[in-house]
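The values are calculated or read from the model by the stated rules, or taken from the named source; none is laboratory data. Being a predicted model, the structure only gives us computed values, none of them experimental. Cβ sites come from the backbone with ideal geometry, for glycine too, and all protein chains shown count toward neighbours. Keep in mind that these areas ignore ligands, DNA and RNA; they rest on the heavy atoms of the full protein, side chains included. Shrake-Rupley method; radii C 1.70, N 1.55, O 1.52, S 1.80 Å.
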Amino acid sequence: MKTRPILVALLTCLVMLSTAALPVSAQVAIPQKPVVVVHAKGMLKPDAQLTAIMSNVTEVQWVVVTGELTAQDLTQASMLILVQVDSMANFTGAELNATGEWFAKGGKAIWTVADSDYGTDRFRIFSGNEVLKKIGSVLRFEDCESVDPVSNAGADYRVLGVSENCDPEMRFLVAGVTRALFHGPGLVVGYSGGKYVKLEKTKLPNVFVIMTTSKNGTAAEFTAPAPEIHEIGETGTFPLMVLELDSNKKNVIIATAEAPFDQYEGMYMPELRNYKRYGVDFPQQGKKLFENIISYVLNYASTMMTQQALITSLKGQVTTLEGRVSTLQGQVTTLQGNVANLEGQVNSLKGSLSMWQGIAVATLVVGLVIGAAVVFFMKRK
């Protein structure tokens, strides 16, 4: 029998024709992966850490730019990671403008990094700050190095940043993370009112400290100029990773005092280069921290900022209602005072009335007496 194959072929053709006839909006769209652009300026080829990132984090589309960053490179980007691989290759004015214009559209995330002021590494501090200024951030990198004589991987400059000081609102970002490598890091500070501020001591709006040194963190100096606000030798829980939110534009800014890859030894899987040191002797969770950040930025940040904006709005409404209640309570108190005043006047009137009633009765009695006397004397007469 040949009717079955013919019938199947006919049905197939009908299905194809009906699908082709559907309007574009009715056809099933294949979801696109979010695009993350990595500007690894000056990189000759991806190092082992960046290669591992792109291999392990498959839910995004990775785009690596090693030369000049242009507006075209950022057209589809949801996130931009800026790493100045060649410390001498500062970001150009054109690159900063392209970055600023892209970020101003909203719904974006940017991760910019710096370094210590050791040798030519100090140029990364300048470049990182130029980016932060361009996008209107209140974060800055300070001109110094953070070392930690306690939480480290065998040397105080191999700082193992800790998660124990993470701000409560962002604790989920360090889930599964105790410490991560910041190899020869700088220091993240704030900028408010025209001056630098210490984020370990001052809480800025919408700014959240994620990773810090231990309490033994120490500010060190290699190259002039001196640090802007920390004293050389000063100790404290210095911020190494800080996150800033812009709920209005749904933007996320991440600033780290070291890079997630390259720059000698990045945060992501440093055990690839030295397994014994970072996998056995001083285990860390830089891979987990990096992936937590990417997942949050691309999947949850916008929703959470929308919810936070709603909460803020509701809090404002509650405050307004509380103000109205307070006003009404003041009016009630005033009315109660008026009532008390009126009651006093009524009581006074009652007293006056009683007095006049007494006078009237007395006058009546006197009148009656006088009348009786007059009658008596008239009868006698």
May I ask you to say which residue of Phe290, Phe261, Phe208 is out of contact with any Gly (no Cβ under 7 Å at 6 or more places or on another chain), buried (at least 16 other Cβ atoms within 10 Å of the Cβ) and assigned to a loop (DSSP other than H, G, I, E, B)?
Phe261
Take the residues in the stretch 237-254 that are open to solvent by less than 50 Å² (accessible area, probe 1.4 Å) and not in a strand (DSSP E or B); name whichever of them is farthest from Phe103 (Cα to Cα).
Thr237
Count of residues meeting criterion [open to solvent by less than 10 Å² (accessible area, probe 1.4 Å) and hydrophobic (A, V, I, L, M, F, W, C)] in the stretch 138-165
6
Residues located in the stretch 176-205, provided they are of a type outside the set (Lys, Arg), open to solvent by 30 Å² or more (accessible area, probe 1.4 Å) and farther than 19 Å from Val252 by Cα
Gly176, Thr178, Gly193, Gly194, Tyr196, Glu200, Thr202
Can you name every one of the strands (runs of 3 or more DSSP E) wholly within the stretch 127-199 that holds 2 or more residues which are closer than 22 Å to Gly266 by Cβ?
139-142, 145-147, 158-162, 179-183, 187-192
Go through the stretch 239-265 and count every residue that is modelled with pLDDT under 95 and under 19 Å from Ala77 (Cβ atoms).
3
Give me the pairs, please: first residue somewhere in the stretch 168-186 and among the aromatic types (Phe, Trp, Tyr), second residue anywhere and crowded, with 22+ Cβ neighbours inside 10 Å, beta-carbon distance under 7 Å, and either six or more positions apart or on two chains.
Phe182/Val159; Phe182/Gly161; Phe182/Leu240; Phe182/Ala257; Phe182/Glu258; Phe182/Met267
Output for the stretch 216-236, where each listed residue is surrounded by fewer than 16 Cβ atoms within 10 Å (Cβ to Cβ) and charged (D, E, K, R):
Glu231, Glu234
Filter result for the condition that a residue is open to solvent by less than 50 Å² (accessible area, probe 1.4 Å) and either out of contact with any helix residue (DSSP H, G or I) (no Cβ under 8 Å at 6 or more places or on another chain) or assigned to a strand (DSSP E or B) (or both), over Leu96, Leu69, Leu82:
Leu82
Restrict the check to the stretch 104-123 and report whether at least one residue is open to solvent by less than 20 Å² (accessible area, probe 1.4 Å), of a type outside the set (Lys, Arg) and assigned to a helix (DSSP H, G or I).
no
